[in-house]
Every structure is written in structure tokens, then in C-alpha cells.
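Chemist: Next up is a structure, given as C-alpha cells.
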Amino acid sequence: MNFIPHRLKEARESKGLKMTDLANLVGVTRQAISAFEKGLNSPSLETVFRLSTVLSIPREFFTNNNDSKISISSPVFFRSQQTALKKERQMSRVKLKWLIETFDVISEYLDLPSVDLPDFGIEDFESLDADDIENFAIETRKYFGLGLGPISDLTRLLENKGIPVVATDFGDRVGAFSYRSERGDVFFVREHNSSVCRARFSLAHELGHMILHKSASVDFMEDKQLFQLVESQANHFASAFLMPAETFSREFFSTKINALSSLKKRWHVSMRAMIMRAHSLNLITDHQKSYAFTQMAPYGKKEPLDDIIKGEEPSYLKKAIELLEEHSIITKCDLKDRLQLPTTVLAQFFGLNESAFHVKKANIQPFRLKKANT
């Protein structure tokens with residue numbers, strides 16, 4: 001076998017496993033796993049079978065060189081606290097790399113839309129103040145042709161602007177992340193099972209990164225103070241983008257649960273986000289803000305209406321593969337065979353059931369009936 005060492009590391013990190021963990025599961029030493037990943041030794045075929053089973057990944061993945069030209073060299077923006085586990089960030093980066101692999105294959109067959117985001121020429125994001133961010137949020141709305149009311153479907157808006165949105169699993173503390181490749185492709189990845197309001201805020205937060213932080217360096221996360229600034233700015237942008245001051249200020253009237261529920265139905269923003277926005281706009285005092293959060297405490301992470309408001313479903317990649325299949329260019333099964341990624345991951349990328357990647361469709365040529373002899 002032409003075993004590719006870094007593929008094993010990817011597969012291990014995608015599961016959040018340490019070398020010792022994987023070694024124990026496979027029945028080899030930690031030193032053996034390390035040697036496999038460094039290319040100092042190659043696993044036997046029997047060991048590859050065990051690795052495939054333990055990691056729930058096709059055996060062919062370890063010999064597939066689809067990713068030979070892919071490198072994550074630009075900043076990856078995570079919507080998370082700095083306390084997020086390192087392994088969850090690693091899991092996210094692996095999913096991102098696999099997403100880019102998938103996107104690259106799809107782009108071989110389709111002329112995909114270019115990313116259409118405003119560029120305000122922000123060279124020094126550290127100098128931005130609150131008014132600047134409010135202004136950029138409104139200008140972004142204008143660029144998109146939006147008014148100052150609620151955004152009906154943020155996911156569809158972003159995908160119409162050439163940004164694939166993917167819902168997948170990558171750890172409880174990450175929430176969402178975004179990435180702009182060196183060639184200009186932009187990807188937004190959010191939690192698979194998050195409420196629609198949390199998902200929308202996550203996407204608006206990532207949009208804030210793309211608008212405000214193009215000049216951020218790859219290692220900005222290593223600077224705690226800078227990381228906190230970047231996250232704070234993205235949160236502010238998300239609030240201002242989803243709840244424009246002019247309109248939201250007129251409609252906000254109380255911190256009572258019933259009043260917040262009424263606004264949540266219209267704006268599709270969490271009650272907690274609305275409380276924070278109202279406070280930042282000086283619509284409520286510090287005391288009122290504290291009281292409002294005290295009212296919310298019994299609900300925990302799950303707010304009223306979270307089960308009622310309909311979620312936003314990504315469709316960019318789903319429509320792409322369906323179009324390719326419709327024109328007999330490549331089927332879902334053929335795509336899976338080419339990528340050799342876990343079926344669970346592909347199903348989440350495309351917003352499909354896993355079974356869709358197991359049913360092979362025969363390429364039957366059409367027949368015509370002969371005309372009867374007269």
C-alpha cells in the first residue's frame with residue numbers, strides 16, 4: 001500500500017483522539033502510531049484494517065492523495081471561547097480541509113459562483129470603534145440590498161453570495177468557524193444541531209470576521225487580548241447586522257419574557273442576544289439587564305420558541321451534487337468513492353441522509369420505440 005502518513009493524523013484528529021488513545025484501540029504502541037504518522041514506518045495491511053474500523057473511515061482514505069495541493073494557510077476564525085479544547089479546534093480544521101477537498105472536486109464539474117462580499121478596505125481592525133462597526137454592518141446590509149428589518153433566511157442569503165454554508169459536528173465548544181482561502185473561496189461551518197437563532201447569530205458573527213478582519217494574521221489567536229478584541233468586534237457586528245439600531249430600537253419595549261418572545265418570533269434572534277443589544281443601545285439600564293438575565297436563568301441554554309422557529313437549511317452543496325447527478329456527470333456514490341471520506345461527514349456536508357451515498361444509480365441509455373411498419 002502507498003500509505004500516506006498525514007492521512008492517519010487527520011483521521012485521528014477528526015475523532016479527537018490522542019496517539020495513546022488510538023494505539024490502545026488498535027492494539028499497537030504509541031510509538032508505532034507516531035512512526036506511522038511521521039512516515040518512518042508503514043502499518044501492515046491488518047493494522048490498516050483495524051485503523052479503518054476504529055476510526056470509521058474507508059481504508060482507501062489512507063492512500064488517497066486528493067489533498068496534495070490543499071493547505072490551511074489563512075486564519076481560521078472560530079466562534080468560541082479561548083478555553084475551547086485544542087482537540088476540538090483540531091477536529092474543526094480537519095473537517096475544514098475535507099470540506100475544501102469536496103469543494104475542489106465539485107468545482108471541477110461546475111462553474112461555481114464567485115464570493116460576493118463588500119470590501120471596505122479595513123487595514124487596521126484594532127483601531128475600529130463601536131460606531132465604525134455599526135456603520136459597516138449597515139453598509140453590508142445596503143451592499144446586499146437589504147432594508148433595516150429582519151432577515152428572513154440568512155443561510156440562503158450567504159449561499160446566494162457564493163459562500164457554502166455547512167452544518168456539521170465538531171465539538172461542543174467551537175460553535176462555528178469560517179475560512180477564506182488564498183484564492184478567495186469562503187466557507188462558513190456551523191453546529192449541526194444548534195437552534196435557528198444560535199445558528200443565525202453564528203453565521204452573522206462569521207460574516208463579521210470576513211468583513212472586519214481580512215488583515216488578521218494567522219497567529220492572532222495566540223494573543224489573548226487580540227483574540228478577545230476580534231471576537232468582541234465580530235459579536236458587535238452580528239448584533240448590529242441582525243438588529244439594526246434604527247429599527248430594533250423602535251420595536252424593543254420590555255425585558256419581560258412575553259415581550260421578548262414576541263420580538264424573537266419576528267427577528268429570529270435569541271432573547272439573550274436581544275437583551276445584550278438593548279443594553280448596548282442604552283434602551284435598558286445595567287439593573288434591567290441583570291434582571292432580564294435572571295428571568296432567563298431557569299431556561300438554561302434552551303430558550304422559549306427554540307423548538308418552534310423553523311431552522312435554516314444549507315443547500316449550496318446539495319444543489320450542486322443533485323445538478324451533477326441529474327446530468328449524469330457524477331453520482332453521489334462516485335463522489336464518495338473518489339473522496340473516500342466518512343459517509344457521515346459527506347452526508348452532513350451535503351445535507352443528505354447517509355443512505356444517499358450507498359445507492360448506485362445505473363447509467364441507462366434511453367431507448368426509443370421503433371415505428372410500426374405500414
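Since every read-out is calculated from the coordinates, none of them should be taken as a lab result. This is a predicted model, so every value here is computed, not measured. Using ideal geometry, Cβ is built from the backbone for each residue, glycine included, and neighbour counts are taken over all protein chains shown.
Chemist: Determine the shape class of region 8-49: with a ≥ b ≥ c the square roots of the Cα gyration tensor eigenvalues, call it rounded for a/c under 1.5, and otherwise prolate if a/b is greater than b/c, oblate otherwise.
Modeler: Details: a/c = 1.42, a/b = 1.28, b/c = 1.11.
Since a/c stays below 1.5, the shape of region 8-49 is classed as rounded.
Chemist: Any chance you could run the full-extension gain for T53 through N353? It's 0.36 nm times the residue separation minus the Cα-Cα distance, nm to one decimal.
Modeler: Details: separation 300, 0.36 × 300 = 108.00 nm, distance 2.11 nm.
Stretched out fully, the T53 to N353 stretch lengthens by 105.9 nm.
Chemist: Separate question: Name the shape class, rounded, prolate or oblate, that the alpha-carbon gyration tensor gives for region 1-130, where a ≥ b ≥ c are the square roots of its eigenvalues, rounded holds for a/c under 1.5, and otherwise prolate holds if a/b is larger than b/c and oblate otherwise. Intermediate results must be reported in sequence, preceding the final value.
Modeler: Numbers: a/c = 2.98, a/b = 1.67, b/c = 1.78.
Here region 1-130 falls in the oblate category.
Chemist: Shifting gears a bit: Mind giving me the FRET efficiency for C333 and L45? R0 is 25 Å, r the Cβ-Cβ distance, nearest 0.05 is fine. Walk me through the intermediate numbers first.
Modeler: Details: r = 25 Å, r/R0 = 0.99.
Given R0 = 25 Å and the Cβ-Cβ separation, E is 0.50.
Chemist: With r as the distance between the Cβ atoms of Y291 and K38 and R0 = 56 Å, compute the FRET efficiency 1/(1 + (r/R0)^6) and round to 0.05.
Modeler: Working: r = 57 Å, r/R0 = 1.02.
Efficiency, rounded to the nearest 0.05: 0.45.
Chemist: Local charge sum around L117 (other residues, Cβ-Cβ under 11 Å, Lys/Arg +1, Asp/Glu -1)?
Modeler: Values: positive: K161, R180, K214; negative: D116, D119.
For residues surrounding L117, the net value is +1.
Chemist: For region 173-272, what does the relative contact order come out to in percent, with C-alpha contacts under 8 Å and a separation of six or more? Walk me through the numbers on the way to the answer.
Modeler: Details: 79 pairs, mean separation 25.6, N = 100.
The normalised contact order for region 173-272 reaches 26 percent.
Chemist: Taking the highest mean first, how do the peptides 284-292, 27-35 order by number of other beta carbon atoms within 10 angstrom per residue?
Modeler: On the way: 284-292: 14.1, 27-35: 15.7.
For the peptides 284-292, 27-35, the packing ranking is 27-35, 284-292.
Chemist: Based on alpha-carbon centroids, what's the gap between region 137-155 and region 318-358 in Å, whole number please?
Modeler: With region 137-155 and region 318-358 each reduced to a Cα centre, they are spaced 32 Å.
Chemist: Considering Cα pairs under 8 angstrom that are at least six residues apart, work out the relative contact order of the chain and quote it in whole percent. Don't skip to the end; give the middle numbers.
Modeler: Details: 465 pairs, mean separation 68.9, N = 374.
Averaging sequence separation for qualifying contacts and normalising by length gives 18 percent for the chain.
Chemist: Let me ask something additional. Could you size up the charge dipole of region 1-123 around its Cα centre, putting +1 on the beta carbon of Lys and Arg and -1 on that of Asp and Glu, and report it in debye to the nearest 20?
Modeler: Numbers: 17 positive and 15 negative charges, 173 e Å.
Using Cβ point charges on Lys, Arg, Asp and Glu, region 1-123 gives about 820 debye.
Chemist: Checking understanding here: applying a Kyte-Doolittle mean of at least 0.0 and a length along the axis of at least 18 Å (C-alpha), which whole DSSP H helices in the chain pass?
Modeler: Values: long enough: 86-109 (36 Å, -0.70); 130-144 (21 Å, -0.65); 196-212 (24 Å, 0.64); 224-242 (27 Å, 0.17).
The answer, listed by residue number, is 196-212, 224-242.
Chemist: Which order do peptides 316-329, 261-274 fall in by mean Cβ count within 10 Å, highest first? Please list the in-between numbers first.
Modeler: On the way: 316-329: 15.9, 261-274: 19.7.
The peptides rank, most packed first, as 261-274, 316-329.
Chemist: Is region 310-358 best put as rounded, prolate or oblate by its Cα gyration tensor, with a ≥ b ≥ c the root eigenvalues, rounded for a/c under 1.5, and otherwise prolate when a/b is larger than b/c, oblate when not? Please report the intermediate quantities before stating the final value.
Modeler: Details: a/c = 2.27, a/b = 1.24, b/c = 1.83.
Oblate, since a/c reaches 1.5 and b/c is not below a/b.
Chemist: In the structure shown, do any of K9/K95; K265/K289; K15/K38; K86/K319; K97/K318 have a Cα-Cα gap over 24 Å, and if so which? Can you show the working numbers first?
Modeler: On the way: K9/K95 13 Å; K265/K289 21 Å; K15/K38 19 Å; K86/K319 34 Å; K97/K318 18 Å.
Checking Cα-Cα distances, K86/K319 exceed 24 Å.
Chemist: What distance in nm separates the two pseudo spin-label positions at E313 and N2, each 7 Å out from Cα along the beta-carbon direction?
Modeler: 4.0
Chemist: Using amide H atoms built in the peptide plane, which far-off residues or other-chain residues are under 5 Å from A176 H to H?
Modeler: Those qualifying (amide H under 5 Å, at least 5 residues apart or on another chain) are R79.
Chemist: So, one more: Counting Lys and Arg as +1 and Asp and Glu as -1, what is the net charge of the other residues whose Cβ lies under 13 Å from the Cβ of S262? All intermediate terms of the calculation are to be shown ahead of the outcome.
Modeler: Numbers: positive: K256, K264, K265, R266; negative: E251.
Taking every Cβ under 13 Å from that of S262, the sum is +3.
Chemist: If I stretch the segment between K224 and D104 completely, what's the gain in nm (0.36 nm per residue apart, minus their alpha carbon distance), one decimal? Mind dumping the intermediate values first?
Modeler: Values: separation 120, 0.36 × 120 = 43.20 nm, distance 3.38 nm.
Full extension of this stretch gives 39.8 nm more.
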